[in-house]
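S.K.: Dumping the structure here so I can ask a few things about it.
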Amino acid sequence: MSDEYILEMRNICKEFPGVKALNNVNFKVKKGEIHCLVGENGAGKSTLMKVLSGVWKYGTYTGDIVLNGEIQQFRSIADSENKGIAIIYQELALFPELSVYENIFMGHEIMRNHSIDWNETIIQAQKYLEKVRLKVNPAAAVKTLNTGKQQLVEIAKALSKNCSLLIFDEPTSSLNEDDSENLLNIMRELKEQGITCIMISHKLREVTAIADTITVLRDGSTICSLDAATDDISEANIIKNMVGRTIDDIYPKRTEKHISDIMFEVRNLSAEDRATGRQILKDVSFNVRRGEIVGLQGLMGAGRTECALAVFGNPYKYKITSGDVWIDGERVNFKTPKQAIKKGLAYVSEDRKGNGLVLIQDVRYNISIANLEELIKRVSIDDNKEIGVANQYRKEINIKTPTVAQKVGNLSGGNQQKVQIAKWLFSHPKVLILDEPTRGIDVGAKYEIYSIMNELVAQGMSIIMISSELPEVLGMSDRLYVMSEGRITGELPIEEATEEKVMKMAISA
Amino acid sequence: MGKSQSTAADIALGYDDESRSGGKTMAAFKELITLIKTNATSYMMYFALVVIMLVFQIWTDGKFFTAQNITNLFNQAAYVAVLAIGMTLILILKHIDLSCGYVAGLSGAVAAIMMEKMGVNVWIAMLAVLLMGLAIGFYQGTLVTKFGIPAFITTLAGMFIFRGLLTRSLAKSGTIIVTDETFKAMCQGFIPDIPGNTTGVHIVTMIIACIAVAAFVWFQVRSRRNKEKYDFPVVSLSIFITGCIAVSVVILFAAWMLAINKGIPISACIVGVILAGYAFMLSKTKLGRHIYGIGGNDQAAELSGVDVKKVTLFAFCSMSVLAAVAGFLYTSRLSSATPTAGLAFEMDAIASSYIGGTAVSGGIGKVTNAIIGTFVIMSLTNGMNLMSIDISYQYIVKGIIFIIAVAFDVKSRKK
């Protein structure tokens, strides 16, 4: 075993119910290099890093993790940290109310005589802050720092644990230009100090600027490892390797299309997050016609879900600074989801468990909740009618459940998704927004959902499909919009859309 | 029981047909075991109730199951039952109301002052106090929904405020004796019997009990037929029949105990009407569905067009109005309004609801079961009072029973 490599992950396989997330992944990182890991959403990057850091503990995957020549069996994040591995997550894991120095030494406090030595803590914190070139008062509360500085605190925290392998998960996704540039410089400096960095990123410009090696993952497999010194690391070549896949016939074809007048339109929508003041939507305009499937593509964090929610009665109370929503020729600008539902808009959530379904309740209650009015006979809900409706959808869209009295939480992901779709079909929408409709469900159920979509547009419904999966968007849409950093960066008729074109728009800022 | 809320038990009953081949008694027994295992929480509460009652029957040398004491138990439990009904809604929504005890105390005091010191008509006084309850609920509900202050904090503050108001309102007069007969009848009176009955048994009570049994069986059969029609899981026929008979016997026994005394207490009728209304609302109306939806997943409910704030506000209003009713019942039973009324009422109500199977994590709970929980708690109070056990020990015992019930519930829901 040569000691050229600090880390080798050999033949890593990791399965989730119905999905093979990692399939024989091999991943080698040289000592002291900056190694970038790229791939589409769902390619397996985050899963691989979770395996490495012990989130998915030893035994839940197959294959070997070899660190400094020794096979490791991490059973928790603490295990991997002890061996010098630290992850800087997209969502920072800091305590906003605590000071910078308290944050840096949280979990490995400097002790003297069974109590914390605060003086030494502050002195040490200073030292690590200098290493990441952060000039702040160590006593300042973390919440007073901006995101870029908070990230540096996180790095200082990792350094204070004596880690030798730092993993950055999309570190610049929430940073502005200056902060991003600064972070990349810090990474270069860390490299000089002999610390190895792994960076997951969608921003290929940064990747090509900083990487010594680039590994591309696709569909849970390693596609290639490119050496910056010897191989072609042009963005074009990376994108080709990221997508390089042909669309096969997993998408049912529509025999005839009847796309007519504009059914739904959003004009110049801009919105801010109230808590952070960050602009999440910038001048977004798009439309959908009757009988049309419009794809809304973009990478994670591009603002697609925020856009859908802002339109769908704005339940999370973004501050909408401009823009109008039109449905069937009427200006609507919904204040609550209730109003949106009344006017024929429906939103199938990307997060079934979080805000899509009530898992502890029966299938039938979940299907009926958005349109109970229709089931009311005199003053009470007509049980027979409700069960009838639920059974009808169960048959029509093939929800596999023993009875509609089953708890939704006991169904598989695909069937849960169908329950969600049934709920919204029962509200009789004109426009259906599907947010990542096939995330985390198996191929068979995916096909069924695509077929349902085709049937609905054939009946004259308009569908907006938000999806990170490029092949799916290209396979299903009649037209697509691409979003990046809160803006629409492109609109393509399906005939002109290629994976490379879309990827370029999705990555462009 | 178990009419509309099908639980894990129903799933487990899928193999009903296979097991029957082995011999009917054996199969029924096996099924019963599975039922108990999978439905532990709801069976636990019946089991606890029976054990507690039997133990007190033995320890009190048979004083527990006497006509007089059963009547007493009903009157004692009434105000807690009313509070537990309101509390169940609040707990399903993942909130809590700590103030309801003193809202009840204050309501009783204000009603007494109006009737006894100001000479206001009993009905007008009660209506005014109910409106006061509504206003209190609106105030607390608004703080929780519009200002986003956690219910725990809002109602803890309410607890201080209403306790203060209660003490203040009775500061000059001290305890007020209530003399109004109509008001006193609420928790001391009984439904009238047919004139000229000399049998010593309250006939109307037994008639009502028979009607109740018939209605219960009819509802059970209809619900079972309906389930069968849609192939929903049902318990095997032998267990179904046993269950129906058991409940009918309990109803008839309780009615008999009441009938050989003075009949059904008016308090029980008040509780019965409120219970029926709330049970119907929760299981059969849009509002009820929305309450369960919010409790199960408030974000999903909001995105499904449920007005989460409005429903939550309703629950707080209903809680405080019911607290006013509980205040009437308590004051009526004692024939007096005292400054200590309201102390720890909320604890009994919360414990009742949790013992009755309301999920600690919200989203699940039934008002009918909360009443069973009330009987568990109040049987403890009643039995220990019969044994003249000091109030300090009573608190300890109730606390232990409460925490065991909740621990059991949490554990059985985890699998």
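S.K.: I want the antiparallel fraction of DSSP beta bridges within the protein assembly as shown, as a percent rounded to 5.
M.R.: In the protein assembly as shown, DSSP labels about 60 percent of beta bridges as antiparallel.
S.K.: Let me ask you something else. Sorted by packing (mean other beta-carbon atoms within 10 Å per residue), highest first, where do A:476-488, B:92-104, A:319-331 land?
M.R.: Sorting A:476-488, B:92-104, A:319-331 by mean packing, highest first, produces B:92-104, A:476-488, A:319-331.
S.K.: Would you mind ranking A:163, A:307, B:269 by Cβ crowding within 10 Å, fewest neighbours first?
M.R.: B:269, A:163, A:307
S.K.: Report relative contact order for chain B in percent, whole number only (criteria: Cα-Cα under 8 Å, sequence separation at least 6).
M.R.: 33
S.K.: Set the Förster distance to 56 Å, then compute FRET efficiency between residue A:273 and residue B:67 from the Cβ-Cβ distance, nearest 0.05.
M.R.: Rounded to the nearest 0.05, the efficiency is 0.25.
S.K.: Shifting gears a bit: Given the range B:258-392, what count of lysine pairs have C-alpha atoms under 30 Å apart, with each pair 8 or more places apart or on different chains?
M.R.: Counting lysine pairs in the range B:258-392 gives 8.
S.K.: Here's another thing I want to ask about it. Restricting to DSSP H runs of at least four residues, report the calculated mean residue ellipticity at 222 nm for the protein assembly as shown, -39500 (n - 2.57) per run over all residues, nearest 500 deg cm²/dmol.
M.R.: -16000 deg cm²/dmol, from helical runs alone.
S.K.: Could you pull out which residues in the range A:38-54 have an amide N less than 18 Å from a spot 7 Å beyond the Cα of residue A:24, following the Cα-Cβ vector?
M.R.: From the range A:38-54, the list is A:44.
S.K.: For residue A:28, list long-range residues whose amide hydrogen, built 1.01 Å from N in the peptide plane, is under 5 Å from its own amide hydrogen.
M.R.: A:9
S.K.: Taking just the alpha-carbon atoms of the range A:298-410, what radius of gyration and Dmax come out, in angstrom?
M.R.: 16.7, 49
S.K.: May I ask for the distance between the Cα centers of the range A:319-385 and the range B:232-294, given as a whole number of Å?
M.R.: When both Cα centres are located, 33 Å separates them.
S.K.: Let me ask something else about it. Could you pull out every one of the aspartates and glutamates with an alpha carbon less than 16 Å from that of residue B:229, ignoring same-chain neighbours closer than 8 positions?
M.R.: A:382, A:383, A:386, B:10
S.K.: Now for a separate question. Among all the lysines, which ones have a C-alpha under 18 Å from residue A:149's C-alpha, if same-chain residues fewer than 8 places away are not counted?
M.R.: A:127, A:131, A:135, A:157
S.K.: From the P(r) of chain A, can you give the percent of Cα pairs sitting at distances over 33 Å?
M.R.: 47
S.K.: Further, regarding this structure: Is the range A:116-167 best put as rounded, prolate or oblate by its Cα gyration tensor, with a ≥ b ≥ c the root eigenvalues, rounded for a/c under 1.5, and otherwise prolate when a/b is larger than b/c, oblate when not?
M.R.: In terms of gyration-tensor shape, oblate.
S.K.: Dividing the convex hull volume of the Cα atoms of the range A:355-428 by its residue count, what figure in Å³ per residue is obtained?
M.R.: In the range A:355-428, the Cα convex hull volume per residue is 82 Å³.
S.K.: About the Cα centre of the range A:5-243, how large is the charge dipole given +1 on each Lys and Arg Cβ and -1 on each Asp and Glu Cβ? Please answer in debye to the nearest 20.
M.R.: Charge dipole, the range A:5-243, about its Cα centre: 400 debye, nearest 20.
S.K.: Specify which residue in the list A:422, A:406, A:389 is farthest towards the positive end of the charge dipole of the range A:355-428, using unit charges on the beta carbon of Lys, Arg (+1) and Asp, Glu (-1), about the Cα centre.
M.R.: A:406
S.K.: Please list, or write none, the lysines whose alpha carbon is within less than 24 Å of the alpha carbon of residue A:446, excluding same-chain residues fewer than 8 places away.
M.R.: A:14, A:20, A:45, A:253, A:257, A:353, A:395, A:400, A:407, A:418, A:423, A:430
S.K.: Would you kindly derive the ³J(HN,Hα) couplings of the range A:170-186 from the backbone phi angles with the Karplus curve 6.51 cos²θ - 1.76 cosθ + 1.60 (θ = phi - 60°), listing them in order in whole Hz, with x for Gly and Pro?
M.R.: Whole-Hz 3J(HN,Hα) from phi for the range A:170-186: 6, x, 9, 4, 10, 10, 7, 3, 4, 5, 4, 4, 4, 5, 5, 4, 4.
S.K.: Related question: Just checking the output field for A:358-371: average partner chain Cβ neighbours within 10 Å of each residue's Cβ?
M.R.: 5
S.K.: Return the whole-Å distance between the Cα centroid of the range A:155-192 and the Cα centroid of the range B:163-202.
M.R.: Each part reduced to its Cα centre gives a spacing of 74 Å.
S.K.: Then there's this: Per residue of the range A:450-459, what does 6.51 cos²θ - 1.76 cosθ + 1.60 with θ = phi - 60° give for ³J(HN,Hα)? Whole Hz please, x for Gly and Pro, Karplus curve as stated.
M.R.: 4, 4, 4, 4, 4, 5, 5, 5, 4, 7
S.K.: Does anything in the range A:57-75 have its amide N under 20 Å from the 7 Å Cα→Cβ label point of residue A:13, and if so which residues?
M.R.: A:57-66, A:72-74
S.K.: So, one more: Local charge sum around residue B:294 (other residues, Cβ-Cβ under 12 Å, Lys/Arg +1, Asp/Glu -1)?
M.R.: So the environment of residue B:294 carries a net charge of +1.
S.K.: Work through the residues other than residue A:396 whose Cβ is under 14 Å from its Cβ and net out their charges, Lys, Arg +1 and Asp, Glu -1.
M.R.: +3
S.K.: Shifting gears a bit: What residue among B:298, B:180, B:61 has the largest mean-square fluctuation in a Gaussian network model of chain B, using Cα springs under 10 Å?
M.R.: Highest fluctuation among the options: B:61.
S.K.: Taking springs between alpha-carbon atoms closer than 10 angstrom, which of B:126, B:387, B:206 fluctuates most in the Gaussian network model of chain B?
M.R.: B:387
S.K.: Let me have the relative contact order for chain A, percent, based on Cα pairs under 8 Å that are six or more residues apart.
M.R.: 15
S.K.: Okay, moving on. Please list 3J(HN,Hα) in residue order for the range B:44-52, calculated via the Karplus relation 6.51 cos²θ - 1.76 cosθ + 1.60 where θ = phi - 60°; whole Hz, with x for glycine and proline.
M.R.: 4, 5, 5, 4, 4, 4, 5, 4, 4
S.K.: How much of the pair distance distribution for the range A:139-242 lies past 25 Å, counting alpha-carbon pairs only, in percent?
M.R.: 26
S.K.: How do A:56, B:256 line up, fewest other C-beta atoms within 10 Å first?
M.R.: Lowest to highest Cβ neighbour count: B:256, A:56.
S.K.: Roughly how tilted is helix B:308-334, in degrees to the nearest 10 and between 0 and 90, from the longest Cα axis of chain B?
M.R.: That works out to roughly 70 degrees.
S.K.: Can I ask one more? Let me know the volume per residue of the alpha-carbon convex hull for the range B:194-262, in Å³.
M.R.: 71
S.K.: Suppose every Lys and Arg Cβ carries +1 and every Asp and Glu Cβ carries -1, with no other charges. What dipole size does the range B:194-262 come out with about its Cα centre, to the nearest 20 debye?
M.R.: 120
S.K.: Averaged across orientations, what area in nm² does the convex hull of the alpha carbons in chain B project?
M.R.: With every direction weighted equally, the projected area is 22.2 nm².
S.K.: Then there is this: First select every other residue whose beta carbon is under 13 angstrom from the beta carbon of residue B:99; then total the charges, Lys and Arg +1, Asp and Glu -1.
M.R.: -1
S.K.: For the range A:5-243, max minus min Cα coordinate along each principal axis, in Å, sorted largest first?
M.R.: Sorted largest first, the three principal extents are 51, 39, 31 Å.
S.K.: Another question, then. With a 10 Å Cβ neighbour count serving as the proxy for reagent exposure, in which order, fewest first, do B:46, A:316 appear?
M.R.: Ascending number of Cβ neighbours within 10 Å: A:316, B:46.
S.K.: Further question on the same structure: How many times 2.2 N^0.38 Å is the alpha carbon radius of gyration of the protein assembly as shown?
M.R.: 1.11
S.K.: Where the only charges are on Cβ atoms (+1 Lys, Arg; -1 Asp, Glu), what is the dipole of the range A:355-428 about its Cα centre, to the nearest 20 debye?
M.R.: Using only the charged Cβ atoms, the result is roughly 180 debye.
S.K.: Can you give the relative contact order of the range B:194-262 as a percent, counting alpha carbon pairs under 8 Å and 6+ residues apart?
M.R.: 58
S.K.: Post the alpha-carbon centroid distance, the range B:330-346 to the range A:442-462, in whole angstrom.
M.R.: Cα centroid of the range B:330-346 versus Cα centroid of the range A:442-462: 62 Å apart.
S.K.: I've got another one for you. Partner chain Cβ atoms within 10 Å, averaged over the residues of A:380-389 - can you pull that number for me?
M.R.: Going residue by residue through A:380-389 and averaging, the value is 3.
S.K.: Could you tell me what fraction of 2.2 N^0.38 Å the Cα radius of gyration of the range B:69-223 comes to, as a two-decimal ratio?
M.R.: The reported ratio for this selection is 1.33.
Bear in mind these aren't lab numbers, they're just calculated from the coordinates by the rules spelled out. Worth saying up front: this structure is predicted, and the values here are computed from it rather than measured. In this analysis, Cβ positions are derived from the backbone assuming ideal geometry, glycine residues included, and neighbour counts consider all displayed protein chains.
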